[in-house]
1. Pairs of lysine in the range 17-363 with Cα under 28 Å and at least 8 positions apart or on different chains: total?
2. With a point put 7 Å past each Cα toward its Cβ, work out how far ARG278 is from SER133 in nm, to one decimal.
3. Quick check: net charge around PRO185, other residues with Cβ under 13 Å of its Cβ, Lys/Arg +1 and Asp/Glu -1?
4. For the range 260-270, in order, what is each residue's ³J(HN,Hα) by Karplus, 6.51 cos²θ - 1.76 cosθ + 1.60 with θ = phi - 60°, in whole Hz (x at glycine and Pro)?
5. At a threshold of 8 angstrom on Cα-Cα distance, excluding pairs fewer than six apart, so keeping six or more, what relative contact order does the range 17-363 reach in percent?
6. With no solvent and one point on each alpha carbon, what is the Debye value of log10 I(q)/I(0) for the chain at q = 0.08 Å⁻¹?
7. What is the P(r) of the range 239-304, as percent of Cα-Cα pairs per 5 Å bin from 0?
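Just so it is clear, none of the values below were taken in a lab; they were calculated from the coordinates. What you see is a predicted model, and the numbers here were worked out from it, not measured in a lab. Neighbour counts run over all protein chains shown; Cβ positions are idealised from the backbone, glycine included.
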Amino acid sequence: MRSMGKTRRMLSVGLGGIALAAALTAPAQAYGHGGGHGDGGAAPRWRPVPTGTDARFRGLAAVSRNTAWVAGSKGTVLRTSDGGRSWRDVSPPGAGGLEFRDVEAFDARRAVVLAIGEGEASRVYRTDDGGASWKESFRNTDPRAFYDCLTFFDHRHGLAVSDPVDGKYRILSTADGGRSWKVLPDAGMPAAQPGEAGFAASGQCLVSSGPRDVWLATGGGATARVLHSGDRGLTWTAAPAVIPAGDPARGVFGLAFRDRTHGLAVGGDYRAGEPSPRAAAVTRDGGRTWRPASAPVAAYRSGVAWLPHTRASALAVGPTGTDLTTDGGRSWRTVDTGSYDTVDCAPDRGCWAAGEKGRVARLAD
């Protein structure tokens, strides 16, 4: 995904085949803000879909072109099963005071949501009936912990991460699909830098690929880092991410891996009007090393997602627009000026974005 100071800490394309290829090679000026295609139908655009709420959605799970879940402020969780034409409010009862910042959905019925905050404000809920009912499966009782993001390797195994406690990031683990959680030992976790934490800005500060690999994005310390674990969170290594840090508002905000070696990082300085130079990076060795983009994203970006069934194309989103790469993250160009906080794509090429004031959009067919 998370309010800042505490503010900083309280900060995942419906196209097919030829149409997708044409869209990704269209000139930047063909893309615009709003719905529909560009000239000749070649260029897709975000197509906003009404949600009927003003909640800010930093949690997003794209299940398919038709089905998506969003989670956000005021304890709000919505679900659509008709491509965004209608949304059902499936918010957990009594959650109005919570800040949901991440949602992981397995299908139209099963999902797990994370609420962030200090102490008992950090909670996890699971539903097995499309949000008709929820079970609170975790409530943080340590006032020093502040959970930011969660991720799943499969339908059973997943992790959630808290900002450092006693100098190390705290990792929660589940082996039953989020129905129960346990804190993992921290012996294999490197020490955190002074002031370092995760950003709960898009639900993408903790991401996984495959059955065992997981990456954690950080900021706020002297150096922005990406931590990697190849054993589901038991042991970790840290690498500098080359995105500027050195300030509580700067660092890596979002990660995306299309496999266990090829990854993207985006971030910058979340404060409005502040410059965010070199705010994108790429790895081709599983996060052991990161290189800055030669033409980075235009401004602060909080979310990033690979386009399905492509090897080099991805979207990055933030409050000032959407950027596209077609060369694996080496260069980016702005293709939309709408405000979104997070982006996620489903295997059937259904891509969604979500953000402030109830904004949700699909990449138009």
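1. Final tally of qualifying lysine pairs is 6.
2. 5.4
3. Summing Lys/Arg as +1 and Asp/Glu as -1 gives +1.
4. Here the 3J(HN,Hα) series is 7, 10, 9, x, 10, 10, 9, x, x, 10, 6 Hz.
5. Working: 1124 pairs, mean separation 50.4, N = 347.
Once divided by the residue count of the range 17-363, the mean separation gives 15 percent.
6. So the normalised log intensities work out to -0.32.
7. 4, 22, 30, 25, 13, 5, 1
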